[in-house]
1. Is it the case, given these coordinates, that Thr56 is touching a residue at least 12 places away in the same chain (Cβ under 8 Å), part of a loop (DSSP other than H, G, I, E, B) and closer than 23 Å to Phe152 by Cβ?
2. Suppose we filter segment 3-33 for residues that are surrounded by fewer than 17 Cβ atoms within 10 Å (Cβ to Cβ) and touching a Cys at 6+ places or on another chain (Cβ under 8 Å); how many remain?
3. How many of the residues in segment 179-202 are in contact with an Asp or Glu (Cβ under 8 Å, 6 or more places away or on another chain), over 19 Å from Pro83 (Cα atoms) and of a type outside the set (A, V, I, L, M, F, W, C)?
4. Determine, yes or no, whether Arg239 is modelled with pLDDT of 95 or more, in contact with a Ser or Thr (Cβ under 7 Å, 6 or more places away or on another chain) and open to solvent by 40 Å² or more (accessible area, probe 1.4 Å).
5. Would it be correct to say that Ala268 is under 26 Å from Phe4 (Cβ atoms), surrounded by 17 or more Cβ atoms within 10 Å (Cβ to Cβ), among the small types (Gly, Ala, Ser) and modelled with pLDDT under 95?
6. Across segment 115-134, which residue is nearest to Leu192 (Cα to Cα) among those that are open to solvent by less than 30 Å² (accessible area, probe 1.4 Å), within 19 Å of the chain's Cα centre (by Cα) and not hydroxyl-bearing (Ser, Thr, Tyr)?
7. Out of Val101, Val131, Val82, which single residue is modelled with pLDDT under 95 and in a loop (DSSP other than H, G, I, E, B)?
8. Scan Gly72, Gly87, Gly55, Gly48 and give me the residue that is in contact with a Leu (Cβ under 9 Å, 6 or more places away or on another chain) and farther than 24 Å from Arg133 by Cβ.
Amino acid sequence: MPAFNEASGIGSVLRTLLASPEFGSDMEIVVAANGCTDDTAAIARSYGVRVVEIGTASKAAALNAGDEVATGEVRIYLDADVPAGAGLLRELAAALAEPGVAAAVPRPEVDTSGSSWPVRAYYEINSRLPVFRGRLFGRGVIALSAAGRARFSRFPDLIADDMFLDAVFAADEKREIGAAVRVLPPRRAADLVNRVARARAGNAEFWQFMRSTPQEHRGSPDPVPGASSFSWLRDVLLRSPRLLPAAACYVLVVLLAEGRRRRSGWSARSGWGRPAAPGGGGTALDG
């Protein structure tokens, strides 16, 4: 569980896991606190879980640090702001036991009940984009079998770690289980713009990585199709014209996010490119 400045929410996530009837001694929780300036590590330790600390605010570095001390064969990478019970994790592990399955994810359910109307409008479009179908990203939790994890040595220094994992496995090696995970979007439009800016920066960085890295070092039997700038129109709005107001909001958010991404001095890697408040992390691919 990579965690950057998650003091306000990591306790709730850990309580959900540890209090689940399905939680058992065969499950190990490793929190990788990275670059934190708050009490994330101390709070995690108070729940009796293993904590590793690194000084750099880097999710990839946190994932690698956690992997170095984890002892289980099945690895489940869970964002520190994603509420998931132990039962869900066991279902993911069970899916990995199926022949040929190397990676598993839950079905995403975006909960915008606590978000402002621009955020809700954005996700009316975003949640319908076909780019998410049959993929590993956009959930905040990914499970890998031992054989799947052996496909690569370390997480590369990429913002879009979930896109990297998606590219490692072929389509028939991935499984989306029936159980859902609750995905919490930002509450405010300003935080959403920041999240989308980070996602767009991560997308661009990922494709540069794919172009510049030799095939034998990056995998990619099932690479993500290049994002279409008009998928929101072709695949969503034209099929559901009633979503026109939401589509207008979606386009505005994307334009503002792209402007922020290109702004001099802005960095998606500064504190994971987000504020420390709950709901600031996660994945928000655009299409």
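The values are calculated or read from the model by the stated rules, or taken from the named source; none is laboratory data. Fair warning: this is a prediction, and the values are worked out from it, not measured in the lab. Please note: Cβ atoms are built from the backbone with ideal geometry, for glycine as well, and neighbour counts cover all protein chains shown. In case anyone asks, the SASA skips ligands and DNA or RNA and just uses the protein heavy atoms, side chains included. Shrake-Rupley method; radii C 1.70, N 1.55, O 1.52, S 1.80 Å.
1. yes
2. 0
3. Residues flagged as in contact with an Asp or Glu (Cβ under 8 Å, 6 or more places away or on another chain), over 19 Å from Pro83 (Cα atoms) and of a type outside the set (A, V, I, L, M, F, W, C) within segment 179-202 amount to 1.
4. Answer is no for this residue.
5. When the stated conditions are applied, Ala268 passes them.
6. Per the criteria, the residue is Val119.
7. The conditions single out Val82.
8. Gly48 is the lone residue from the list that is in contact with a Leu (Cβ under 9 Å, 6 or more places away or on another chain) and farther than 24 Å from Arg133 by Cβ.
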